[in-house]
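For reference, the structure discussed in these notes is given below.
All of the numbers you see were taken from the coordinates with simple rules; none came from a lab. Keep in mind that this is a model prediction, so the values were computed, not measured. Neighbour counts are summed over all protein chains in view; Cβ atoms, including those assigned to glycine, are modelled from backbone coordinates with ideal geometry.
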Amino acid sequence: MVNYYNSKYLTDNDITIPFKSYGFQYGYGVFTSLRTAQGEIPFLDEHLNRLKQQTKKLHIEFPNLNYREIITQLIARNSNSDLRLKISLFIDENLQTNTLITAMPFIENNTPKEIIIIPQHYSKSFTREIKTLNYLENVFWANQVKKTSFNDGLFLNEKSFICECCYSNIFFQKDNKLYTPKADGNILNGIIRQQIIKMFPVIEKDLHKDELGLFEKAFTTNAVQGITIIKNIEDILFNTEPISTLNKWENGIYK
C-alpha cells in the first residue's frame, strides 16, 4: 500500500520511523482512524478539528496541510476508493511534528457484537479523552478478548458505570429512546458518537451495568465500521433488528 509520511508518498516497506522519536519511544502523539467510501471522505473536517484540539492539549504543533488532497492522492495511488486510514501526528527527538497517514483496504465487518465485561476498571485520566499513540490498554484488552468466545469488551469505571468498548462507543435503545454514557472524562468522544447525538435525540447519562437488562437494543459506533449491532453482553441478549432511522442515516453516508 502507498502511504504518506512527511510530504512523501511511500510504500509500506519504504517508511522508516526514527527510533529515537518521542512518538516511538513514549507514544507521544495523537491519531485518528477513518475511512473513505466510494472516494468520499466522511467527516474529515470533524476528525481534523479533533486532532487540532488534542494536539493543542499535548503542546504538539498541528501541521497545516491539505489533508483532503493528500487522502485523494492516496485513493488514486492505491487504486482503491474504499480505504481505512490512520492519521498519526507525533513528536520526534527534536520536538518537531511528524505526519504519517497509513492506508489499507477497508474491510466491512457487520458481525453482531458479542461482548464480555472487561475485569479492569476504567479510571479518569488526563489522556482518557485524547486518542494518543499510547493505546496499550485498549489494544491489550482487545487481544485478551480474542482468546474468548466473545468479539469485543466493555469497560466499566470503578463504580460499575458503563464507559465504552475496546475501539468504539456504545449506545442503547429503550422505548424508542437512545441512551449513551456521558463523555465526562471516562470515554473518548468518538466522531460517529458526536454525529448521532447531533442528528438524533440522545440521552447522555450515567448507565450502570445493572441496567443492561432494561434495554431492548444496543450498538457500537466508530468511524471505520460505523454502527454495529450488539447481540449480547455476556448473558444479556438484545434485539438485533437494525434501528431503521439510524440505518438509513448511515447508508446515506457510506453507501
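For the range 233-248, backbone phi angles converted through the Karplus equation (6.51, -1.76, 1.60; θ = phi - 60°) give residue-by-residue couplings of 10, 6, 9, 9, 9, 10, 5, 9, 5, x, 7, 4, 5, 5, 4, 5 Hz, Gly and Pro being listed as x. Averaging the sequence gap over all C-alpha pairs within less than 8 Å and six or more residues apart, then dividing by the number of residues, gives the range 113-254 a relative contact order of 25 percent. For the chain, a Gaussian network of Cα nodes joined below 10 Å ranks Asn169, Asn66, Asn157 by mean-square fluctuation, and the top entry is Asn66.
Spacing of the modelled spin labels on Lys205 and Phe140, each 7 Å from Cα toward Cβ, amounts to 3.4 nm. Only helical runs count toward this figure. For the chain, summing -39,500 (n - 2.57) over DSSP H runs of n ≥ 4 and dividing by all residues gives -7000 deg cm²/dmol at 222 nm.
Loop-located GluC sites (Glu not before Pro) in the range 72-146 (DSSP state not H, G, I, E or B) with no more than 16 neighbouring Cβ atoms inside 10 Å: Glu93, Glu108. Legend: residue pairs Lys182/Lys209; Lys209/Lys231; Lys86/Lys124, Cα-Cα distance threshold 21 Å; pairs beyond threshold, Lys86/Lys124. The lysines within cross-link reach of Lys177, meaning a Cα-to-Cα straight distance under 16 Å and a gap of 8 or more places when in the same chain, are Lys198, Lys205, Lys217. Each of Phe62, Phe126 was scored by other Cβ atoms within 10 Å of its Cβ. Arranged with the fewest first, they read Phe126, Phe62. Straight-line cross-link partners of Lys159 among the aspartates and glutamates, defined as a Cα under 16 Å from its Cα and at least 8 positions apart when in the same chain: Asp184, Asp206, Asp210, Glu211. Highest mobility in the GNM of the chain, judged by mean-square fluctuation with C-alpha springs under 10 Å and restricted to Ile191, Ile15, Ile71, is found for Ile15. Here His59, His208, His47 are placed in order of increasing Cβ neighbour count within 10 Å, fewest first, which gives His59, His208, His47. For the chain, a crude dipole built from +1 on the beta carbon of Lys and Arg and -1 on the beta carbon of Asp and Glu, taken about the Cα centre, is about 300 debye to the nearest 20.
Measuring nothing but how far apart in sequence close Cα pairs (under 8 Å, 6+ apart) lie, relative to its length, the chain scores a relative contact order of 19 percent. For the range 62-181, the relative contact order comes to 17 percent (Cα pairs under 8 Å, sequence separation of at least 6). Provide the FRET efficiency to the nearest 0.05 for the Asp14-Gln194 pair, computing r from the beta carbons and using R0 = 22 Å. Taking R0 as 22 Å, the efficiency between Asp14 and Gln194 is 0.05. Close amide H partners of His121, meaning residues 5 or more places away or on another chain with modelled amide H under 5 Å apart, do not exist here.
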